[in-house]
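Here's the structure, in structure tokens; my notes come after.
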Amino acid sequence: TLSDLRDRTQEPWFDPHGFLLIEHRDADEQQGDLAAFHWTKVEPEDRTRGEVYVVGVDPDYQGRGLGTTVTLVGLQHLRARGV
């Protein structure tokens, strides 16, 4: 829920740079649909440890490889942060 999302963003481990979104938008659209996301987490007590916290793909966009793509982008983000 939106309330759950707000609660999680207040956690000490929350990093907005690790909340990765893939949006589908046509060239003439100002705002598109959220197609997929990956939320990474770095442990606050050991900044060398991280995890794939949540990965999601909208059912309308399943079967296009977005889950794999967004997971790899998230893992690259963690690696760039030294995890």
Open item on the list: Here are the criteria: (1) at positive phi; (2) surrounded by 16 or more Cβ atoms within 10 Å (Cβ to Cβ). Tell me which single one Gly82 does not satisfy.
Closed with: (2)
Open item on the list: Exactly one condition in (1) surrounded by 13 or more Cβ atoms within 10 Å (Cβ to Cβ); (2) of a type in the set (A, V, I, L, M); (3) without any contact (Cβ under 8 Å) to a residue 24 or more places away in the chain is false for Leu72; which is it?
Closed with: (1)
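Every number here is computed from the coordinates shown, using simple stated rules; none is lab data. Please read all numbers here as calculations on a predicted model, not as lab measurements. Because the Cβ atoms are built from the backbone with ideal geometry, glycine has one as well, and the counts that use them run over all protein chains shown.
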